[in-house]
1. List every residue pair whose Cβ atoms sit under 7 Å apart, with the two residues 6 or more apart in sequence or on different chains, where the first one lies in region 307-333 and is within 26 Å of Gly121 (Cβ to Cβ) and of a type in the set (Ser, Thr, Tyr) and the second, anywhere, is part of a loop (DSSP other than H, G, I, E, B) and open to solvent by less than 50 Å² (accessible area, probe 1.4 Å).
2. May I ask you to say which residue of Ala21, Ala13, Ala37, Ala27 is of a type in the set (A, V, I, L, M) and closer than 18 Å to Cys124 by Cβ?
3. Among the residues of region 258-299, write down those that are in contact (Cβ under 8 Å) with a residue 40 or more places away in the chain and of a type in the set (Lys, Arg).
4. Taking region 138-150 on its own, how many of its residues are surrounded by 12 or more Cβ atoms within 10 Å (Cβ to Cβ) and not in a helix (DSSP H, G or I)?
5. May I ask you to verify whether Leu84 is within 19 Å of Gly340 (Cβ to Cβ) and buried (at least 21 other Cβ atoms within 10 Å of the Cβ)?
6. Being in a loop (DSSP other than H, G, I, E, B), without any contact (Cβ under 8 Å) to a residue 12 or more places away in the chain and farther than 21 Å from Pro7 by Cβ, is that true of even one residue in region 120-131?
7. Could you tell me whether any residue of region 233-244 is closer than 26 Å to Val334 by Cβ and at pLDDT 95 or above?
Amino acid sequence: MWAELLPVGRSAASGGYRRFAWNFADAECRAWFEQQARDRGLTYELDRNGNQWAWLGDPAAGGAVVTGSHLDSVPDGGAFDGPLGVVSSFAALDELRGRGAELDRPLAIVNFGDEEGARFGVACIGSRLSAGVLSREQAYELRDADGVRLPDAMERAGYDPTALGADDDRLARIGAFVELHVEQGRLLTEEQPVGVASAIWPHGRWRFDFHGEANHAGTTRIEDRRDPMLTYANTVLSARKKARLAGALATFGKVAVEPNGTNAIASLVRGWLDSRAADERTLAALVDEIEQAAAERGERDGVRVELTRESYTPVVDFDGPLRDRLAKLLDAPVLPTGAGHDAGILASAIPTAMLFVRNPTGVSHSPAEHAEEADCLAGVTALADVLEDLACQ
């Protein structure tokens, strides 16, 4: 399975992946998922929000145990973030069948669409829609960098976007969701290849618009310039300093410039901030401080600054009894994470938990992302143990 997925959407130049929502690589990943389901005799479903499901047992029976993750990527992302969870889910099911396990509950594997938000700027779109965190109206307003609307992209890919929205009936039939994921950090030790998540830090995305004045780079005096690039650059530096002082994280990883000419002073710079902290109060204070620093510098530069919050996820504490049950079953450490996941979105609606597979370098969202084969196999065994414990009662 891993070998089949590896070439899909991979850039020859960077070695990273460009599996974005509703593009050709995404379609290949979706076709692969459907084939894996059918090869195992599972019931394949596509829900109203474009998420893929593979069922063993009656989907309508209730109390289902669900596992899975996502197959899309960030720009030039790694091979493990998302796909490891999906591949491991099918492998864990194979192991359960090899054990002769008799399930008392329905079991499902899911591929949530557009988890990374690389194309439309909002993370976890598939699970957000299902949980009602993102409305149909909000989804219809989302556009990619080329101005293509989300529903139009879905339609071009052969999917009907008219039914987008909360999927309460489906979620009501799920008793527990467990997502396996490569660790995005280095908290797991050499003795512990698998860990259990405790919580997800609150996090969000904010767009800063720096409005200046376009002019000639070679003829405009320094004192006559209203250069938004200066304000943007100062804001990036301020964000780093303030995040360090707060014990939090702040990253400007995406920028767009107009008119984007080498010999032109920019008229507009857009910078997207990703910020995360251990608690919501710290996060809110940090973003306020970054906004204030941007406004103060903008006043000096003659640049107007606007801030728009594009997405936000509050702190997520995973289901306590489920978390403790898994940690005891696996004799595994419990650790927090600063990364968002579909499991975090669903946590408000159903009991959810996460397993992490050790990442020797801690690198993620990069072609250098890696996990050793032995650790991945340990993750499969751990997930199979969890699914057997939850679904065979």
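1. Correct list of pairs: Ser311/Val122; Ser311/Ala123; Thr313/Pro202; Thr313/Gly340.
2. Numbers: Ala13 fails: closer than 18 Å to Cys124 by Cβ; Ala37 fails: closer than 18 Å to Cys124 by Cβ; Ala27 fails: closer than 18 Å to Cys124 by Cβ.
Result of the check over Ala21, Ala13, Ala37, Ala27: Ala21.
3. Passing the criteria: Arg270, Arg276, Arg297.
4. Counting residues in region 138-150 that are surrounded by 12 or more Cβ atoms within 10 Å (Cβ to Cβ) and not in a helix (DSSP H, G or I) gives 5.
5. Numbers: within 19 Å of Gly340 (Cβ to Cβ): yes; buried (at least 21 other Cβ atoms within 10 Å of the Cβ): yes.
For Leu84, the condition - within 19 Å of Gly340 (Cβ to Cβ) and buried (at least 21 other Cβ atoms within 10 Å of the Cβ) - is met.
6. Checked region 120-131: no residue is in a loop (DSSP other than H, G, I, E, B), without any contact (Cβ under 8 Å) to a residue 12 or more places away in the chain and farther than 21 Å from Pro7 by Cβ.
7. Start the filter on region 233-244 by keeping residues that are closer than 26 Å to Val334 by Cβ, which leaves 243.
Among the residues that remain, those that are also at pLDDT 95 or above are: 243.
Yes, region 233-244 contains a residue that is closer than 26 Å to Val334 by Cβ and at pLDDT 95 or above.
Rundown of residues vs (1) of a type in the set (Val, Ile, Thr); (2) touching a Cys at 6+ places or on another chain (Cβ under 6 Å); (3) under 28 Å from Gly77 (Cβ atoms); (4) not in a loop (DSSP other than H, G, I, E, B), yes/no style:
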site	(1), (2), (3), (4)
Asp152	no, no, yes, yes
Gly158	no, no, yes, no
Gly165	no, no, no, no
Gly175	no, no, no, yes
Glu190	no, no, yes, no
Trp206	no, no, yes, yes
Asp209	no, no, yes, yes
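The values are calculated or read from the model by the stated rules, or taken from the named source; none is laboratory data. Only a predicted model underlies this, so the values are computations on that prediction, with no experimental measurement involved. Neighbour counts are summed over all protein chains in view; Cβ atoms, including those assigned to glycine, are modelled from backbone coordinates with ideal geometry. The area values use the complete protein model at the heavy-atom level, side chains included, leaving out ligands, DNA and RNA. Shrake-Rupley method; radii C 1.70, N 1.55, O 1.52, S 1.80 Å.
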